[in-house]
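Nothing in this text is a laboratory measurement; each read-out follows from the coordinates by a stated rule. The structure displayed is predicted, hence computed values, not measured ones. Every residue, glycine as well, gets a Cβ built from its backbone with ideal geometry; the counts of neighbours run over all protein chains shown.
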């Protein structure tokens, strides 16, 4: 594994700072650009990106994969040493090439920063392509939707948005315009757009006005490692050990956590005995300062007199709570969700029942009475009714829900199989071994 470090503000043709990228002769290359997932994760995006990389490392012939990512310094609080070591070891086994861009991990926070990041990533990709054969550049998630104008027409392009501002921040018109312009530019030059769910496919065709033939289905899912018990187990808070509800995600209004608190308040007023709530509305880093939204959630817990623990600092091991025998239900109260990974993680862990709204992609995985219980998005009363159904489910029914969820996960959301199918359709050459590679392809 060869790690290159680029000077973020000085990557220009013939620059003395340019990396000496030694290619693999005429071997084709698959280059993946991602902003979260190599050094850690603070959301489902990071977990999905890591799974995407892992799948490619297995699917592609050895030495064909390259990764371009902003460097995340440990001092920022966003870097997870164990996560980083595991990803680097996985990429090393695949003989992947890694190019890191220093001082760039905060660029995705603004449209101007995303544009700058696309410029830097494209230049790194071009340098790899100059020493390689055919080349596919994959941009994972929104910060890379603007890659098309910076890449040559000979470089094939696949963009995989895990969400869009039109879905989650429609008031941010500048970002909505930039994202749509990037998608149109990519498809206009023959690039493909990956749809992570049928909901996202509909959004891309209707709201973003993309041609159907430009969209390739890459359903989000889990890889094999994500279906087993985690190696790191986070101790349960004492009050949760007698039984608990679990809800987790980024601390933003679209996750619907305020609706969950109101739903529990409704049930409490009805005299329903409630388990402890573990609400992991968490951000990365080690600061104890709450965000404004976390402050609102803490105030809601106090106002409604709920038995709850608000977890505000993110750790990947929070997901170990899905395997706890004290877990009574997993709740996903999102108002908007392009896909929603948590139900799949619950199915893999044998956690049941799952209660989720029918927002976006969640409707694909949580089906009323089949794999879980559903509610209308943004409707606390509907959510309260779904929670009551979950809390009163009989053990035999719980077992049936677990079995149905596991079957859905295996049949429709094998991420490695889905990525392999998409590549076979749009870039079969990427999977083909070199003529003299023998059994090098895995």
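The alpha carbons of region 67-148 occupy a box of 34, 34, 18 Å along the principal axes, longest dimension given first. Report, to the nearest 10°, how far helix 292-304 tilts away from the longest principal axis of the Cα atoms in the chain, using its own Cα long axis and a range of 0 to 90°. Long axis of 292-304 versus the principal axis of the chain: about 10 degrees. Take the Cα of residue 290, step 7 Å toward its Cβ, do the same at residue 411, and the gap between the two points is 4.4 nm. The Cα trace of region 274-367 gives Rg and Dmax of 14.0, 38 Å, the first to one decimal, the second as a whole number. Using a simple spin-label model with points 7 Å from Cα along the Cα→Cβ vector, what separation in nm is obtained for residue 268 and residue 233? About 3.0 nm separates the two model spin labels.
Can you tell me which of 292-302, 108-118, 342-352 comes out highest on packing, and rank the rest after it, using the mean Cβ neighbours within 10 Å?
342-352, 108-118, 292-302
With the simple spin-label model, which puts each label point 7 Å out from Cα in the Cβ direction, the residue 307 to residue 421 separation comes to 4.4 nm. Diffusion coefficient of the chain by Stokes-Einstein, Kirkwood radius over Cα pairs, 10 °C, 1.306 mPa s: 70 µm²/s.
For region 227-412, the equivalent ellipsoid built from the Cα gyration tensor has semi-axes of 23, 19, 16 Å, listed from largest to smallest.
Each of 248, 200 was scored by other Cβ atoms within 10 Å of its Cβ. Arranged with the fewest first, they read 248, 200.
Can you give the log10 of the normalised intensity I(q)/I(0) at q = 0.30 Å⁻¹, computed with Debye over equal Cα scatterers of region 40-80? Evaluating at q = 0.30 Å⁻¹ gives log10 I(q)/I(0) of -1.05.
On a 0 to 90° scale, report how tilted helix 173-188 is relative to the longest principal axis of the chain, with both axes built from alpha carbons and the result rounded to the nearest 10. Once rounded, one gets 50 degrees.
Among 254, 54, which comes first, second and so on when ranked by fewest other beta-carbon atoms within 10 Å?
Values: 254 19, 54 23.
The most exposed by this proxy come first: 254, 54.
Could you tell me how many degrees, from 0 to 90 and to the nearest 10, lie between the Cα long axis of helix 111-129 and the main elongation axis, the longest principal axis, of the Cα atoms of the chain? On a 0 to 90 degree scale, this one is about 50.
Across every pair of non-identical alpha carbons in region 310-442, the mean reciprocal distance, once inverted, gives a Kirkwood radius of 16.6 Å.
Using a Gaussian network model of the chain with C-alpha springs under 10 Å, which one of 333, 353, 428 is most mobile by mean-square fluctuation? With Cα springs under 10 Å in the chain, the top fluctuation among 333, 353, 428 is at 428.
Taking other Cβ atoms within 10 Å as a rough exposure proxy, 172, 71 sort from fewest to most as 172, 71.
Please report, to one decimal in angstroms, the Kirkwood hydrodynamic radius of region 208-330 built from all distinct Cα-Cα pairs. Write down the numbers at each step before the final one.
Details: mean 1/r = 0.0609 Å⁻¹.
About 16.4 Å, per the Kirkwood formula over Cα pairs.
In the chain, the calculated helix contribution to ellipticity at 222 nm averages -11000 deg cm²/dmol per residue, counting -39,500 (n - 2.57) for every DSSP H run with n ≥ 4.
If you take the C-alpha gyration tensor of region 135-257, multiply each eigenvalue by 5 and take the square root, what semi-axes do you get, largest first, in whole Å?
Equivalent ellipsoid semi-axes, largest first: 35, 19, 13 Å.
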